[in-house]
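> Please find one structure pasted underneath; my questions will follow.
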Amino acid sequence: MSFAWLPDGKWVVIEGLALLSTETGEMSSLTSPPTKLLPDTNPAVSPDGHTVAFIRSAIGWVSDIYLLDLTEDLKPKGEPRRLTSLKGFIVGSAWTPNGREIIFSSWFPGSGASLWRMRVSGSGEPVRLPFIARDATLPAISRSGNRLAYQWEVSDSNIWHLSLSGPGMASSPPARFIASTRVEQAPQYSPDGKRIAFESDRSGVYDIWVSDADSSNAVELISLSQADVSCGNARWSPDGQRIAFNLDEGGNTDVYVMRASGGKPMRLTTDPADDEAGSWSRDGKWIYFTSRRTGRWEVWKVPAGGGEDIQVTRNGGGTSSVSPDGKSIYYTKGERSGALWKMPVSGGEESQVLPTVHERAFCLVNEGIYFIPEPGTDGKSSIQFLSFATAKVKTVAPMSGPSDQGLSISPDGRSLLYTQTDEEGSDLMLVENFR
């Protein structure tokens, strides 16, 4: 639980924005958040004790800093006022000693977290601190104001390769395949097996990369430079000429398509809700995606050349893929992870196929389904295979680390790609002579 002391030391503001007396235990609420499901969090009291900054979240990965002024007897003075509107997810804030500015961390899906500076008066726009490492969260400022500390999140996910001798049979242990000191994830083989599309933040922001099938000659497909823009979840069209992908701009995600050789992307979805995880129909005429526009994740589809969106599932649906014969659509009940279900492409009754799939890690082949389930009670993950012929699940290979997004099989069925987190943790960083 997060909390903040008032300067007199007699009162504490706790998560949920309640005022707690350290002497009597008396408690009183300062705000009434819009929804009880998302309480106001991370209070930070101004140096003079007259204002509380806190984080208020909307549904999904969007939150902002609000300010609440207090009277001399610590009662709310009016309603909270919103200070930021970056459409990111706030991860900690701190007042400067003069009480004129707030330093805060804002995280954007796909592009990580950065530290920003904002005037308490609300005048002007937030300014990103250029000298701070990416994935910086939970800032703290010394009383003298010349030292800034923050938490630096460290995560290194890489794409691993597993050779297969037949359906559900590994021929050798997994090996690291596409790697750097940053994040590589969500791989997919091209239909001819000669290229691999994947997402990486090796350039400083999440973007789509394409390499040869042996992982060489990796090139960035789209060049991004803005802190609040990122791309991911690249999926080849059946003819290998186009790629569908997510593009997140300012906290809103939509599905785009572009030529695999490069060029200007075409936006397919325009709803203000998040639309993501596009996948192609077998004839290349439709792109399926998941959207939260109804209030929960459901599978929709849109013509690959643009047109009207059509809702596909009605009882929840996330990441989806059409079966090799084009007759069924498989999807998770959950945006990324959850049970795997299927239903006819033409519509009809749905049925559960697997009890669990982790981080979009499933791939359909003629003989069955390769997938990575949620980690076991021991925290370990493994690659598994559901045979359509026997209706049984077998372990293909154990994994040496936690799984991350995606899983793909080469067209010849001899190679499997998956994402594994090889390093994860955090360090404390200190900036001297902060101004």
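> Compute the Cα gyration tensor for the range 240-324, then decide on rounded, prolate or oblate, letting a ≥ b ≥ c be the square roots of its eigenvalues: rounded whenever a/c is under 1.5, prolate when a/b is larger than b/c in the other cases, and oblate in all that remain.
Verdict is oblate for the range 240-324.
> Rolling a 1.4 angstrom probe over the protein heavy atoms, how many square angstrom per residue are accessible across the chain?
It amounts to 46 Å² per residue over the chain.
> Continuing with this model, one more query. Would you work out the charge dipole size for the chain about its Cα centre, treating the Cβ of every Lys and Arg as +1 and the Cβ of every Asp and Glu as -1, and quote it to the nearest 20 debye?
Taking the Cα centre of the chain as origin, the dipole is about 540 debye.
> Pop out the ³J(HN,Hα) list for the range 260-271 in order, Karplus 6.51 cos²θ - 1.76 cosθ + 1.60 with θ = phi - 60°, rounded to Hz; leave Gly and Pro as x.
Each residue of the range 260-271 in turn: 5, 7, x, x, 7, x, 10, 7, 9, 10, 10, 5 Hz.
> Check cross-link reach from LYS264 to the lysines: straight Cα distance under 16 Å, and skip same-chain residues fewer than eight apart.
Within the straight-line limit of under 16 Å, LYS264 reaches no lysines at all.
> Right, something else. How much length, in nm to one decimal, is gained on full extension between SER155 and GLU26, taken as 0.36 nm per residue of separation minus their Cα-Cα distance?
42.2 nm
> Can you spot the lysines whose alpha carbon is less than 26 Å from LYS77's alpha carbon? Ignore those fewer than 8 places along the same chain.
LYS10, LYS36
> Considering Cα pairs under 8 angstrom that are at least six residues apart, work out the relative contact order of the chain and quote it in whole percent.
Across the chain, relative contact order equals 11 percent.
> So, R0 is 25 Å and r is the distance between the beta-carbons of ALA133 and ASP422; what FRET efficiency does that work out to, to 0.05?
Computed FRET efficiency for ALA133 and ASP422 comes out at 0.80.
> Whenever you get a sec, compute what percent of the accessible area on the chain sits on carbon and sulfur atoms (1.4 Å probe).
Carbon and sulfur atoms account for 50 percent of the accessible area of the chain.
> Same structure again: Give the average over all directions of the projected area of the C-alpha convex hull of the chain, one decimal, in nm².
23.1 nm²
> Label point 7 Å out from ALA175 along Cα-to-Cβ: which residues of the range 394-435 have amide N under 20 Å?
396-401, 408-422
> Hey, if you put +1 on the Cβ of every Lys and Arg and -1 on every Asp and Glu Cβ in the chain, which of VAL62, PHE371, PRO191 ends up farthest toward the positive end of that dipole?
Value computed over the given set: PRO191.
> Still on this structure, I have one more. List the trypsin sites (Lys or Arg not before Pro) within the range 141-207 that DSSP assigns to loop and that have no more than 12 neighbouring Cβ atoms inside 10 Å.
In loop regions of the range 141-207 (DSSP not H, G, I, E or B), the sparsely surrounded trypsin sites (Lys or Arg not before Pro) are ARG143.
> Whole Å is fine, so just give me how far the alpha carbon centre of the range 319-360 lies from that of the range 123-137.
40 Å
> Here is a further query. In whole angstrom, note down how far apart the Cα centers of the range 225-285 and the range 362-435 are.
23 Å
> Could you name the lysines whose alpha carbon sits less than 30 Å from that of LYS394, not counting residues in the same chain fewer than 8 places away?
LYS394 reaches LYS194, LYS327, LYS333, LYS342, LYS380.
> Cα convex hull of the range 327-435: mean projected area in nm², to one decimal?
Taking the Cα atoms of the range 327-435, their convex hull projects to 11.2 nm² on average.
> Evaluate the relative contact order of the range 363-428 (contact order divided by residue number), counting alpha-carbon pairs under 8 angstrom at least 6 apart; express in whole percent.
Relative contact order for the range 363-428 comes out at 23 percent.
> Here's something else I'd like to know. Using the scaling law 2.2 N^0.38 Å as the reference, what is the normalised Cα Rg of the range 247-405?
1.07
The values are calculated or read from the model by the stated rules, or taken from the named source; none is laboratory data. Fair warning: this is a prediction, and the values are worked out from it, not measured in the lab. Heads up, the Cβs are rebuilt from the backbone with ideal geometry, glycines too, and the neighbour counts pull from every protein chain shown. Each accessible area value is taken on the protein alone, full model and side chains, heavy atoms only, with ligands, DNA and RNA left out. Shrake-Rupley method; radii C 1.70, N 1.55, O 1.52, S 1.80 Å.
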